[in-house]
1. Which ones in segment 156-193 are within 12 Å of residue 208 (Cα to Cα), surrounded by fewer than 14 Cβ atoms within 10 Å (Cβ to Cβ) and free of Cβ contacts under 8 Å to residues at least 24 places away in the same chain?
2. Test residue 136 against the criterion of being within 29 Å of residue 110 (Cα to Cα) and either touching a helix residue (DSSP H, G or I) at 6+ places or on another chain (Cβ under 7 Å) or in a helix (DSSP H, G or I) (or both), and give yes or no.
3. I need the full set of residues from segment 145-155 which are touching a helix residue (DSSP H, G or I) at 6+ places or on another chain (Cβ under 8 Å), closer than 15 Å to residue 126 by Cα and without any contact (Cβ under 8 Å) to a residue 24 or more places away in the chain, in order please.
4. Test residue 154 against the criterion of being in a helix (DSSP H, G or I), under 47 Å from the mean Cα position of the chain (by Cα) and under 15 Å from residue 131 (Cα atoms), and give yes or no.
5. Tell me, yes or no, whether segment 119-137 has at least one residue that is under 30 Å from residue 100 (Cα atoms) and either out of contact with any strand residue (DSSP E or B) (no Cβ under 6 Å at 6 or more places or on another chain) or loosely packed, with under 15 Cβ neighbours inside 10 Å (or both).
6. Given the conditions (1) closer than 21 Å to residue 138 by Cβ; (2) modelled with pLDDT under 90; (3) part of a helix (DSSP H, G or I); (4) touching a helix residue (DSSP H, G or I) at 6+ places or on another chain (Cβ under 8 Å), report the number of the one that residue 182 does not fulfil.
7. Of all residues in segment 196-210, how many are crowded, with 17+ Cβ neighbours inside 10 Å and in contact (Cβ under 8 Å) with a residue 12 or more places away in the chain?
């Protein structure tokens, strides 16, 4: 066979072969033909990608540190604010509350030394009047009817003893309303007049001192 025809046939066989054969046939030639400098240049982007990955990890670390740093600052600010508020309350509010508590304790502490014999006799009369008003509860229906007559009398006695229109009106309602006779209005008025005359309740009711 002619040498030129043999070369053409071989080229056709190689050209019609599979891509693997072409790659296998051509790749050694390309590797030999491409200079080493170009091959190193082609592989250069890999370190850049690694550098990019490393930079992203560093930024994520910095962001997480900033987040934790902000949380730490907020905790410290909350603790400091609470300490300042507690200190202010201790220095300013506590003396005021102590003074108020002392005044309330002084007003609520009864001074029995100032109660004379007449006041004790009035207490005995108040107990007797409250028991007389409660006696109407012994008869369920008839007792409530007697309260209609006893209510004005109780209001008059309360006015004579304590000189308070509010206490007198309360005694009238307590006596005339059903199932309220158990309230010891006379004894309550006596306690406010003799034991706690300076309390706000006694002042609002207008109970005169004994």
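The values are calculated or read from the model by the stated rules, or taken from the named source; none is laboratory data. Since the structure is predicted, the reported quantities are computational estimates derived from the model, not experimental observations. Here Cβ is always computed from backbone atoms with ideal geometry, including for glycine, and neighbour counts include all displayed protein chains.
1. Within segment 156-193, just 160 meets the criteria.
2. no
3. Result: 155, single match.
4. No, not satisfied.
5. yes
6. (3)
7. 4
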